[in-house]
Amino acid sequence: MTLRTDAALLIVAHGSTVNPDSSAPTLAHAAEIRRREIFAGVESAFWKEEPSLRDAIFLFDPELIREVCVVPNFISEGYFTQTVVPRELDLNGRVTKRPNGQIWKYSEPVGNHPMMTELLLKRACEVAPGVSPGETSLLIVAHGTDLNENSAVAAKREAEKIRALGKYATVLNVYMEEPPLVSDWRKLTKTRNVVVVPFFISDGLHSYEDIPVLLGIAVAAGVDRGRPGSAPPATARGEIFRHNPYRIDGRSLFYAPSIGTDLGFADIILEQALSAKS
């Protein structure tokens with residue numbers, strides 16, 4: 001890929017006012033793409049952090065940057081990609097021409113890209129090296145509930161695609177707040193190995209604490225179990241991912257970081273940006 005001296009990339013994401021790790025993957029992917037020197041400028045903007053989506057309109061000098069590719073770093077289409085981002089960036093479709101002549105091209109979210117299936121398989125393999133997929137159940141965890149309907153559909157889509165490959169003994173899309181529940185993993189699976197991959201853009205309260213508690217590999221923060229052999233407290237900043245495998249009822253459970261932290265997301269963001277440019 002050659003440098004586009006008149007084009008820039010804007011990666012937009014949700015961000016968080018309470019979780020500093022929320023924006024970390026987006027910033028890391030932006031840094032990697034910037035290092036490759038494909039665009040004249042690469043920036044990130046957030047709904048809940050600075051720089052804000054609304055301010056992002058002014059990040060690129062229209063005299064130097066004639067085209068801006070906007071890529072939503074979201075798992076699925078939904079309220080934020082269809083309403084919030086277009087409203088805040090003043091976009092009126094896939095292609096928007098500003099009064100200053102600058103062209104803004106809006107891509108589909110990263111979660112819609114076909115490479116997502118490959119990344120999920122890669123993450124599952126990395127977290128459980130040397131484990132036979134034929135003796136393993138793979139669980140893809142999304143939030144669930146009507147508030148996150150599209151992300152639940154995206155998790156189901158990816159589970160179906162991986163299931164069709166016939167690689168794992170069982171492949172399930174499970175949820176935190178609607179059936180099939182991730183907390184029921186013992187009933188839902190029969191294999192001696194179980195790999196769990198959170199289908200989220202970043203690690204945060206859900207992946208650090210909520211899902212581990214539902215899996216039974218951690219207890220709620222602030223609870224002092226104090227019994228030998230009891231599950232460890234839920235911990236932040238990735239500690240929960242460093243103790244694989246977890247031995248439960250004679251079975252091995254492997255717990256991965258959220259899929260959005262995978263370095264391969266930089267490639268997907270680039271693919272989405274280039275497809276929007278065409």
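Assorted remarks:
- Matching residues, the range 153-172, being within 20 Å of residue 213 (Cβ to Cβ) and either assigned to a loop (DSSP other than H, G, I, E, B) or open to solvent by 10 Å² or more (accessible area, probe 1.4 Å) (or both): 172
- Each residue in the range 244-276 was checked for being in contact with a strand residue (DSSP E or B) (Cβ under 6 Å, 6 or more places away or on another chain) and part of a strand (DSSP E or B), and 5 pass.
- Close contacts from the range 41-62, counting a first residue that is modelled with pLDDT of 95 or more and a second that is among the hydroxyl-bearing types (Ser, Thr, Tyr) and surrounded by 15 or more Cβ atoms within 10 Å (Cβ to Cβ), with Cβ to Cβ under 8 Å and a gap of 6+ residues or different chains, come to 44/23; 44/26; 46/23; 46/26.
- Filtered residue count, the range 85-120, keeping only those that are closer than 20 Å to residue 143 by Cα and of a type in the set (A, V, I, L, M): 4
- Long-range neighbours under 9 Å by Cβ, at least six apart or interchain, first residue under 17 Å from residue 143 (Cα atoms) within the range 165-194, second assigned to a helix (DSSP H, G or I) and hydroxyl-bearing (Ser, Thr, Tyr): 174/183; 176/183
- Any hit, the range 120-134, residues being within 12 Å of residue 199 (Cβ to Cβ) and in contact with an Asp or Glu (Cβ under 8 Å, 6 or more places away or on another chain): yes
- Residue check, residue 68 surrounded by 20 or more Cβ atoms within 10 Å (Cβ to Cβ) and either acidic (Asp, Glu) or not in a loop (DSSP other than H, G, I, E, B) (or both): yes
- Any hit, the range 89-108, residues being within 30 Å of residue 167 (Cβ to Cβ) and in contact (Cβ under 8 Å) with a residue 12 or more places away in the chain: yes
- Taking the criterion of being within 17 Å of residue 56 (Cα to Cα) and either buried (at least 17 other Cβ atoms within 10 Å of the Cβ) or in contact (Cβ under 8 Å) with a residue 24 or more places away in the chain (or both), the residues of the range 74-85 that qualify are 80, 81, 84, 85.
- Put simply, of 45, 40, 56 the only residue that is surrounded by fewer than 19 Cβ atoms within 10 Å (Cβ to Cβ) and on the phi < 0 side of the Ramachandran plot is 40.
- When the range 92-148 is limited to residues that are among the β-branched types (Val, Ile, Thr) and surrounded by 20 or more Cβ atoms within 10 Å (Cβ to Cβ), the one that is nearest to residue 271 (Cα to Cα) turns out to be 110.
- Of all residues in the range 1-51, those that are of a type in the set (D, E, K, R), within 19 Å of residue 64 (Cα to Cα) and assigned to a loop (DSSP other than H, G, I, E, B) total 1.
The values are calculated or read from the model by the stated rules, or taken from the named source; none is laboratory data. In this text, all values refer to a predicted model and were calculated from it rather than measured experimentally. Heads up, the Cβs are rebuilt from the backbone with ideal geometry, glycines too, and the neighbour counts pull from every protein chain shown. Heads up: the accessible areas ignore ligands, DNA and RNA and are worked out on the full protein's heavy atoms, side chains in. Shrake-Rupley method; radii C 1.70, N 1.55, O 1.52, S 1.80 Å.
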